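Before I ask anything, here is the structure I am working with.
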Amino acid sequence: MMRLSWPRRAFLWVANLCAIAFLLLPFVPVVLGSLQSERSMQKNVHALLPEEYTLANFRLILSGGRSKGPIFEQMTYLPKSVERFPAAFLNSLLVGLAVTLVTLAAASLSAYALARLRLRWTQALFQVSVVCRMVPLIVLMVPLYVLFRRYGLLNSLSGIVVAEFGLLLPYAVLILVPYFSGLPSDLEDAARVDGCTRWQAFLRIVLPLSAPGLAACGVILFIISWHELLIPLILVSRPEFMTVPVILAGLVSDYFVFFTLMMAICLLGLLPTLFLVLALQKYVVRGLVTGALKG
Amino acid sequence: MTPGAGTDRAESPVRPGGAPRRSEVSAGWLAFLLNVPTLAGLVLVLAYPICFAGYLSFHEVSIRHLRAGEFPFAGLANFSRLFQDDVFWLSLRHTVVFVVASVALEVVIGLAVALTISDERVWLSRVTRVLILIPWAVPPVVNGLLWSFIVNAQYGYLNRALHKLGLITDYVNWLGHPRLAMAAVIVAYVWRTTPFNILLYHAAIQGIPAQIYEAAAVDGASSWQSLWRLTLPILRPVIAVTLILRTTFSFMVFDEILAITQGGPGNDTWVAAWYTYRMAFQPPFNIGLGAASAWVLAVIVGIAAIAYVKLVYRRVDYA
């Protein structure tokens, strides 16, 4: 490769710094906001940095509103979202894991058929998945609400799982099919010559080989499930079944909530997926690219 | 014919030269069995509800009817009410503004960042590359709350920063002004969704062989020329993909609207999904009207989806 001239190098450095600022700058107010008391935020509305830092917001949320400390002791009103946060976190986790496992299982079976057993109708099914992936969620929620009401699936975690399964299934198929197609078929062929059935070849050869693809798909499914607001917002009205996005949305209509507390709860709500994306970046990147550009 | 020939014949178009196997289901049956869970999911949770939405849109459906379990036939009443509702048309107009502005920004910023990080020779671009997906990891509703704090009139950090820089003397009520409120939602949304575009552009740029640029440089092309004459034309397919995908998804923006403006000030940031949500799931809980509006949206998005299939998945060789 040719060496870069210094003006060009300088330009790319500045461009990179701008890109980094674009990506990270919005986090600064969240962190600063979450680390101060409401009084310190109101005291000087022109100050960029808080006068004193405190972890009281996090302590309050993580204890479900019990550990008040000196800052919140005088408070007669606490947002309900604060009390509900630990339970909602658990709900989100349960729903996310269930959706990921169920969707991954169904999608991998079907993706193998679509990738390896090329029949006219499986190819059509693949295109149907592409269209289904783009079904607008709000369009789906109106009838799902009526149906779930009729079949008693409102206000339950399993109802949320069913709806998210339907929403995510086509996308999971889109991510996995190119992945399975890209696997060399030599090993499978050898196993078949040795007398394995297709099903056995799938279980013993293809699935173990495609662990990275399944990981990529799985982590994306979990993240989307963790982010999902509209499905639980519409299907659930009882606090014990609310997920993290729903209680966060509850802060919107809560006129007494403080931004400091809100930013702390936001940070806690985004940490799990942020951690997953940073830790499993390689898989997330691959899954997102194959899911959009068929590999 | 040998006993094994029947199964072999069925699978021969799929896998020529396969040896005869002991009792194994045919490829067609296996494909069907493997697809049973997916087909069930697609039919029960996607296809049937969408058809049911069509049914609901021709019936009167409110809380009272839900309790009674009977939906009286309403003919085209829901649609005529929908098309006579000024707020619906207003929401569609806002949606168009939102989609055009956000998709344009996503593509331009996405390309700019992707080109910036694709040069291996700058050490810093490796750092940027690690950070790219961070906004994508933020839950949409959190993103909305985060920006609602940033642009808050009293305590927001946008006002604080602009004041510190001496650009404003009095704090601006960003969400109190129709245009500024829309701009705030667009900025928040674009921040979260652009990483997806950056990622796809970056992947596509990395697939371009370096020799092409070297040959262009030998022929005397400036880097500006190779950007316009080489890189962008090569990226055209992936840009088209992101245009369609982002258009359909931003058509459905909901979380940021809910968290930042709730449609305000007045009706100035009502968009399509917000309209449907408010009609169907907030007082007056007119689910029939919501279903009608949902169907109109589905048709609009369906057209984009079919364009996407035609463009990307037209030929069925994936690898």
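The values are calculated or read from the model by the stated rules, or taken from the named source; none is laboratory data. The model shown is predicted, which means the values in this text are computed figures rather than measured ones. All Cβ positions, glycine included, derive from the backbone under ideal geometry; neighbour counts span all protein chains shown.
Quick grid of which residues meet (1) of a type in the set (Phe, Trp, Tyr); (2) farther than 26 Å from residue B:256 by Cβ; (3) under 17 Å from the mean Cα position of the chain (by Cα):
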{"site": "A:179", "(1), (2), (3)": "yes, yes, no"}
{"site": "A:184", "(1), (2), (3)": "no, yes, no"}
{"site": "A:214", "(1), (2), (3)": "no, yes, yes"}
{"site": "A:231", "(1), (2), (3)": "no, no, yes"}
{"site": "A:234", "(1), (2), (3)": "no, no, no"}
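Provide a single number: the residues in segment A:1-55 that are touching a Lys or Arg at 6+ places or on another chain (Cβ under 8 Å) and in a loop (DSSP other than H, G, I, E, B).
Residues flagged as touching a Lys or Arg at 6+ places or on another chain (Cβ under 8 Å) and in a loop (DSSP other than H, G, I, E, B) within segment A:1-55 amount to 8.
Okay, next question. Say whether the condition of being facing chain B (nearest Cβ under 8 Å), touching a residue at least 40 places away in the same chain (Cβ under 8 Å) and of a type in the set (Phe, Trp, Tyr) is met by at least one residue in segment A:237-247.
So far as segment A:237-247 goes, no, none of its residues is facing chain B (nearest Cβ under 8 Å), touching a residue at least 40 places away in the same chain (Cβ under 8 Å) and of a type in the set (Phe, Trp, Tyr).
Shifting gears a bit: Any idea how many residues of segment B:180-232 are among the β-branched types (Val, Ile, Thr), farther than 17 Å from residue B:271 by Cβ and more than 15 Å from the chain's Cα centre (by Cα)? Walk me through it before giving the result.
First, pick out the residues of segment B:180-232 that are among the β-branched types (Val, Ile, Thr): B:185-187, B:190, B:193-194, B:198, B:205, B:208, B:212, B:218, B:231.
Now drop any that are not farther than 17 Å from residue B:271 by Cβ, which leaves B:194, B:198, B:205, B:208, B:212, B:218, B:231.
Imposing the further condition that a residue be more than 15 Å from the chain's Cα centre (by Cα) reduces the set to B:205, B:208, B:212, B:218, B:231.
Within segment B:180-232, residues that are among the β-branched types (Val, Ile, Thr), farther than 17 Å from residue B:271 by Cβ and more than 15 Å from the chain's Cα centre (by Cα) number 5.
Residues in segment B:243-258: is at least one facing chain A (nearest Cβ under 9 Å) and in contact with a Ser or Thr (Cβ under 8 Å, 6 or more places away or on another chain)?
Within segment B:243-258, one or more residues are facing chain A (nearest Cβ under 9 Å) and in contact with a Ser or Thr (Cβ under 8 Å, 6 or more places away or on another chain).
Name the residue, out of B:224, B:274, that is aromatic (Phe, Trp, Tyr), under 30 Å from residue B:62 (Cβ atoms) and either free of Cβ contacts under 8 Å to residues at least 60 places away in the same chain or outside any loop (DSSP other than H, G, I, E, B) (or both). Steps first, answer last, please.
Numbers: B:224 fails: under 30 Å from residue B:62 (Cβ atoms).
None of the others qualify; the one that does is B:274.
Buried (at least 19 other Cβ atoms within 10 Å of the Cβ) and either within 11 Å of chain B (Cβ to nearest Cβ) or under 18 Å from residue A:260 (Cα atoms) (or both): does that describe residue A:10?
On the way: buried (at least 19 other Cβ atoms within 10 Å of the Cβ): no; either within 11 Å of chain B (Cβ to nearest Cβ) or under 18 Å from residue A:260 (Cα atoms) (or both): yes.
The answer is no for residue A:10.
Tell me, yes or no, whether segment A:165-173 has at least one residue that is touching a residue at least 40 places away in the same chain (Cβ under 8 Å), under 19 Å from the mean Cα position of the chain (by Cα) and more than 24 Å from residue B:273 (Cβ to Cβ).
Initial filter on segment A:165-173 (touching a residue at least 40 places away in the same chain (Cβ under 8 Å)): A:165, A:167-173.
Then drop every residue that is not under 19 Å from the mean Cα position of the chain (by Cα), which leaves A:165, A:167-173.
Restricting the remaining residues to those that are more than 24 Å from residue B:273 (Cβ to Cβ) gives A:173.
Yes: segment A:165-173 contains one or more residues that are touching a residue at least 40 places away in the same chain (Cβ under 8 Å), under 19 Å from the mean Cα position of the chain (by Cα) and more than 24 Å from residue B:273 (Cβ to Cβ).
Here's a follow-up. Can you tell me which of (1) free of Cβ contacts under 8 Å to residues at least 60 places away in the same chain; (2) touching a helix residue (DSSP H, G or I) at 6+ places or on another chain (Cβ under 6 Å) is the one residue A:110 doesn't meet?
So residue A:110 meets the others, but not (1).
Would you mind finding the one in B:212, B:186, B:134, B:198 that is at pLDDT below 90, of a type outside the set (Gly, Ala, Ser) and closer than 23 Å to residue A:15 by Cβ? Before the answer, list the steps.
Details: B:186 fails: at pLDDT below 90; B:134 fails: at pLDDT below 90; B:198 fails: at pLDDT below 90.
Exactly one of B:212, B:186, B:134, B:198 is at pLDDT below 90, of a type outside the set (Gly, Ala, Ser) and closer than 23 Å to residue A:15 by Cβ, namely B:212.
Here is a follow-up. Just checking, how many residues over segment B:51-70 are surrounded by 15 or more Cβ atoms within 10 Å (Cβ to Cβ) and over 10 Å from residue B:291 (Cβ atoms)?
4
Among A:277, A:246, A:289, A:285, which is under 11 Å from the mean Cα position of the chain (by Cα), in a helix (DSSP H, G or I) and aliphatic (A, V, I, L, M)?
Exactly one of A:277, A:246, A:289, A:285 is under 11 Å from the mean Cα position of the chain (by Cα), in a helix (DSSP H, G or I) and aliphatic (A, V, I, L, M), namely A:277.
Another one. Any residue in segment A:211-226 that is in contact (Cβ under 8 Å) with a residue 40 or more places away in the chain, more than 10 Å from every other protein chain (Cβ to nearest Cβ), not in a helix (DSSP H, G or I) and not β-branched (Val, Ile, Thr)?
Looking for residues that are in contact (Cβ under 8 Å) with a residue 40 or more places away in the chain, more than 10 Å from every other protein chain (Cβ to nearest Cβ), not in a helix (DSSP H, G or I) and not β-branched (Val, Ile, Thr), one finds none in segment A:211-226, hence no.
Further question: Restricting attention to segment B:148-160, which residues are in a helix (DSSP H, G or I) and more than 7 Å from chain A (Cβ to nearest Cβ)?
From segment B:148-160, those in a helix (DSSP H, G or I) are B:148-150, B:157-160; that's our starting set.
Selection gives B:148, B:158, B:159.
Here are the criteria: (1) at pLDDT 85 or above; (2) buried (at least 17 other Cβ atoms within 10 Å of the Cβ). Tell me which single one residue B:308 does not satisfy.
(1)
Here's another thing I want to ask about it. Give the number of residues within segment B:123-148 that are among the aromatic types (Phe, Trp, Tyr) and under 14 Å from residue B:190 (Cα atoms).
Quick first cut of segment B:123-148, residues among the aromatic types (Phe, Trp, Tyr) only: B:123, B:136, B:147.
Applying the additional criterion that residues be under 14 Å from residue B:190 (Cα atoms) yields B:136, B:147.
Residues flagged as among the aromatic types (Phe, Trp, Tyr) and under 14 Å from residue B:190 (Cα atoms) within segment B:123-148 amount to 2.
Looking at (1) under 30 Å from residue B:56 (Cβ atoms); (2) part of a helix (DSSP H, G or I), which is the only condition residue B:70 fails?
The single condition residue B:70 does not satisfy is (2).
In segment B:88-105, is there at least one residue being of a type outside the set (A, V, I, L, M) and touching a strand residue (DSSP E or B) at 6+ places or on another chain (Cβ under 7 Å)? Let's see the steps before the verdict.
Initially, segment B:88-105 is screened for residues of a type outside the set (A, V, I, L, M), giving B:88-89, B:91, B:93-95, B:98, B:102.
When the remaining residues are screened for being touching a strand residue (DSSP E or B) at 6+ places or on another chain (Cβ under 7 Å), the result is none.
For segment B:88-105, residues of a type outside the set (A, V, I, L, M) and touching a strand residue (DSSP E or B) at 6+ places or on another chain (Cβ under 7 Å): absent.
Wholly within segment A:85-196, which helices (runs of 4 or more DSSP H) include no fewer than the required count, namely at least 1 residues that are more than 8 Å from chain B (Cβ to nearest Cβ) and surrounded by fewer than 19 Cβ atoms within 10 Å (Cβ to Cβ)?
Correct list: A:120-133, A:157-182, A:186-193.
While we're here: Among the numbered criteria (1) of a type outside the set (A, V, I, L, M, F, W, C); (2) at the interface with another protein chain (Cβ under 10 Å from one of its Cβ atoms); (3) surrounded by fewer than 17 Cβ atoms within 10 Å (Cβ to Cβ), which one does residue B:265 miss?
Residue B:265 satisfies all of (1) of a type outside the set (A, V, I, L, M, F, W, C); (2) at the interface with another protein chain (Cβ under 10 Å from one of its Cβ atoms); (3) surrounded by fewer than 17 Cβ atoms within 10 Å (Cβ to Cβ) except (2).
So, one more: Given the structure, is residue A:63 of a type outside the set (A, V, I, L, M) and either within 30 Å of residue A:287 (Cβ to Cβ) or touching a helix residue (DSSP H, G or I) at 6+ places or on another chain (Cβ under 7 Å) (or both)? I'd like the intermediate steps shown before the answer.
Details: of a type outside the set (A, V, I, L, M): yes; either within 30 Å of residue A:287 (Cβ to Cβ) or touching a helix residue (DSSP H, G or I) at 6+ places or on another chain (Cβ under 7 Å) (or both): no.
When the stated conditions are applied, residue A:63 does not pass them.
Additional query: Could you check segment B:224-253 and list, in sequence order, the residues that are farther than 21 Å from residue A:290 by Cβ and exposed (fewer than 14 other Cβ atoms within 10 Å of the Cβ)?
B:224, B:225, B:228, B:229, B:232, B:233
Could you tell me how many of the residues in segment B:163-178 are more than 11 Å from every other protein chain (Cβ to nearest Cβ) and surrounded by 15 or more Cβ atoms within 10 Å (Cβ to Cβ)?
Of the residues in segment B:163-178, 5 are more than 11 Å from every other protein chain (Cβ to nearest Cβ) and surrounded by 15 or more Cβ atoms within 10 Å (Cβ to Cβ).
Within segment B:189-206, is even one residue away from chain A (no Cβ under 11 Å) and among the hydrophobic types (A, V, I, L, M, F, W, C)?
To start, the set of residues in segment B:189-206 that are away from chain A (no Cβ under 11 Å) comprises B:189, B:193, B:205.
If we keep only those that are among the hydrophobic types (A, V, I, L, M, F, W, C) too, we end up with B:205.
Yes, because at least one residue in segment B:189-206 is away from chain A (no Cβ under 11 Å) and among the hydrophobic types (A, V, I, L, M, F, W, C).
Looking at (1) part of a helix (DSSP H, G or I); (2) more than 14 Å from chain B (Cβ to nearest Cβ), can you tell me which one residue A:65 breaks?
The one condition residue A:65 does not meet is (1).
Sort out which residues of segment A:227-236 are assigned to a helix (DSSP H, G or I), more than 7 Å from every other protein chain (Cβ to nearest Cβ) and touching a residue at least 40 places away in the same chain (Cβ under 8 Å), and write them in order of number. Step through it out loud before you land on a result.
Restricting attention to segment A:227-236, the residues satisfying the condition of being assigned to a helix (DSSP H, G or I) are A:227, A:230-235.
If we keep only those that are more than 7 Å from every other protein chain (Cβ to nearest Cβ) as well, we get A:231-233, A:235.
Answer for segment A:227-236, where residues must be assigned to a helix (DSSP H, G or I), more than 7 Å from every other protein chain (Cβ to nearest Cβ) and touching a residue at least 40 places away in the same chain (Cβ under 8 Å): A:231, A:232, A:235.
Would you check if there is a residue in segment B:257-266 being out of contact with any helix residue (DSSP H, G or I) (no Cβ under 8 Å at 6 or more places or on another chain), over 22 Å from residue A:131 (Cα atoms) and in a loop (DSSP other than H, G, I, E, B)?
Yes; the residues of segment B:257-266 include at least one that is out of contact with any helix residue (DSSP H, G or I) (no Cβ under 8 Å at 6 or more places or on another chain), over 22 Å from residue A:131 (Cα atoms) and in a loop (DSSP other than H, G, I, E, B).
Just checking, which of B:113, B:107 is among the hydrophobic types (A, V, I, L, M, F, W, C), at the interface with chain A (Cβ under 7 Å from one of its Cβ atoms), touching a Ser or Thr at 6+ places or on another chain (Cβ under 9 Å) and in a helix (DSSP H, G or I)? Outline the logic, then answer.
Details: B:107 fails: at the interface with chain A (Cβ under 7 Å from one of its Cβ atoms).
When all the criteria are applied, what remains is B:113.
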